[in-house]
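Below is one structure, written out as structure tokens, with a few remarks after it.
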Amino acid sequence: MKIGIASTGTDMDSQISERFGRAPYFIIYDVESGSFEAVPNEVSGGGAGVKAGMTLASKGIEFVITGGGVGPNAYEALNSAGIKIIGNTKGTVKDAVERFKKGELQVTQDILVEGKHEH
């Protein structure tokens, strides 16, 4: 199983990014092998969350971990790809992976970023 973590840097000691769509990198972690790769998030203009979601879907991840929430369009992109979202996670990528493996992180029910809600 692979998980994608929104990250501020390229290694396991990097902090989890507060922003999903505009995270500088995504760490793609393979739970079975313990290997990871850093994928630059090369977004520009609008639709950053959707583009990031498509990038992660192309990597075959099942879960995404982010420091905040995601916008409604990113949510739809991730949801349609069958990717579960774990938001509001703080700390390093390594800490998040360890907590995920122990079952301490739960899929977030209300993951929409404030200000992005439809009214």
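Throughout, read-outs are computed from the coordinates displayed, never taken from laboratory work. Quick caveat: nothing in here was measured; it's all calculated off a predicted structure. All Cβ positions, glycine included, derive from the backbone under ideal geometry; neighbour counts span all protein chains shown.
The magnitude of the dipole of the chain, with charges of +1 and -1 set on the Cβ of Lys/Arg and Asp/Glu and taken from the Cα centre, is near 60 debye. What are the ³J(HN,Hα) couplings of the stretch 23-36, residue after residue, when phi is run through the Karplus curve with 6.51, -1.76, 1.60 and θ = phi - 60°? Round to Hz, x for glycine and proline. The phi angles translate into 4, x, 9, 10, 8, 9, 10, 9, 5, 5, 8, x, 8, 8 Hz. Full extension of the segment from ASN88 to ASP30, taken as 0.36 nm per residue of separation minus the current Cα-Cα distance, would add 18.7 nm. If R0 is 22 Å, the Cβ-Cβ spacing of GLU37 and ASP95 corresponds to a FRET efficiency of close to 0.70. Close amide H partners of SER14, meaning residues 5 or more places away or on another chain with modelled amide H under 5 Å apart, are VAL93, LYS94.
For the chain, lysine pairs separated by 8 or more sequence positions, or belonging to different chains, with Cα-Cα distances below 28 Å total 28.
Extent of the chain along its three principal axes (Cα atoms, max minus min coordinate, largest first): 41, 28, 23 Å.
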